[in-house]
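Notes to accompany the following structure.
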Amino acid sequence: MNKQLRGGLLLALAALIWGMAFSAQSEGGKYLGPFAFTAARSFITFFALLLFEAVGSRGKRQARPAETAPLSAYIKLGVPLGVVMFAATALQQLGLTIDPSAAKSGFITALYIVIVPILGLLFFRRRVGAQMWLGVALSLVGLVLLCVKDGFMIGAGDLVTLACAVMFAVHIVAVDRFASGLSAPRLCCAQFGVTGVLALIVTLFTETTHVSDLLACWPSLLYVGVCSGAMGYTLQIAGQKYTEPTVASLILCLESVFAAVGGWLLLGQVLSPRELAGCAVMLVACVLAQLPEKHTAKA
């Protein structure tokens, strides 16, 4: 199989897994509070990544500089990244608890693709092209179509999910800026460990969780923890080895589309024509947001 085709298929599979995770999170929110769910999924991902790393270390791999980095390097960066990841995932789950629409959550979360270049402009003075600003404008139009209620009111769940998108954008910028030379799976493992601990602490003070609640939603936790967290991340890394960055970003935009499809197929959630139009406009905005930054890098 052609390497480019293989990479594209791996990335599409990652987008499919991540998109369907919104339905699993929506279902899990019926049994667990947002922080308890975040804690459980993060610990599952943490141990799954440890297992993947242990199995992978037995295979024949070419030595990489990342493998010589000391443990302190992963702790130094993994802690702040874990704090940001905790905020992002907890806000996403909280938003789904308030409004369980998987499609809306998926498309609003996807706005991180638009927010990332804006953060780059604000903090690192990276030039933003005309297509980027067009993407921002379209994303706002799509957000209004998708989320604004009668009387020009936006739902609380939508606002929380939008804050989640901002935190995911901060996370992406931080990884791009500071994670060079570190093993991606090991860094991911460290940050999910921190996320799990923080979510558990908040859970102990704000939520009441029973073992029966965990057992009731174990399929959702297992899917989000192993498939979305560990497997999806691994597929992304593998796919990007053979795929041009712009193409990879556009393929991963399909996550929001799969979120809408999953909500319809698995949860019976149907979007109105206005909401479908909002999804379409936001998807176009996410695609446009990827193009100028890559062209600028080639200039």
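So the values come out like this:
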read-out	value
Hz values of 3J(HN,Hα) by residue in the stretch 17-31 - Karplus curve (6.51, -1.76, 1.60), Gly and Pro given as x	4, 5, x, 5, 5, 5, 5, 5, 5, 4, 5, x, x, 6, 10
Accessible-area composition of the chain, carbon plus sulfur, in percent [1.4 Å probe]	71
GNM top mover of 183, 101, 212 - the chain, alpha-carbon springs below 10 Å	212
Virtual spin-label span in nm between residue 204 and residue 270, 7 Å along Cα→Cβ	4.7
Extension reserve of the residue 6-residue 79 stretch, reckoned as 0.36 nm per residue once the Cα distance is removed	22.9 nm
Per-pair calculated FRET efficiency, R0 = 22 Å: residue 127 and residue 176 via Cβ, rounded to 0.05	0.90
Helical mean residue ellipticity (222 nm; -39500 (n - 2.57) per DSSP H run of 4+; nearest 500) of the chain	-26000 deg cm²/dmol
Within a Gaussian network of the chain (alpha carbon springs, distance under 10 Å), most fluctuating of 280, 169, 102	280
Table column - 3J(HN,Hα) (Hz), the stretch 184-192, Karplus curve with 6.51, -1.76, 1.60, x for Gly and Pro	4, x, 5, 5, 4, 4, 4, 6, 6
Environment charge of residue 157, counting only residues whose C-beta is closer than 10 Å and scoring Lys/Arg +1, Asp/Glu -1	-1
Residue 154 long-range amide H proximity, modeled H, under 5 Å	149
13 Å beta-carbon shell around residue 77, net charge (K/R +1, D/E -1)	+2
Charge context of residue 235, other residues only, Cβ under 13 angstrom, K/R +1, D/E -1	+1
Accessible surface of residue 243 - all protein chains present, 1.4 Å probe, nearest 10 Å²	20
List 127, 274, ordered by accessible area with a 1.4 Å probe, largest first	127, 274
Estimated FRET transfer efficiency (residue 212, residue 156; beta-carbon r; R0 30 Å; 0.05)	0.60
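The values are calculated or read from the model by the stated rules, or taken from the named source; none is laboratory data. This structure is a prediction, so every number in the text was calculated from the model and none was measured. Note that each Cβ is placed from the backbone with ideal geometry, even for glycine, and that neighbours are counted across all protein chains shown. Heads up: the accessible areas ignore ligands, DNA and RNA and are worked out on the full protein's heavy atoms, side chains in. Shrake-Rupley method; radii C 1.70, N 1.55, O 1.52, S 1.80 Å.
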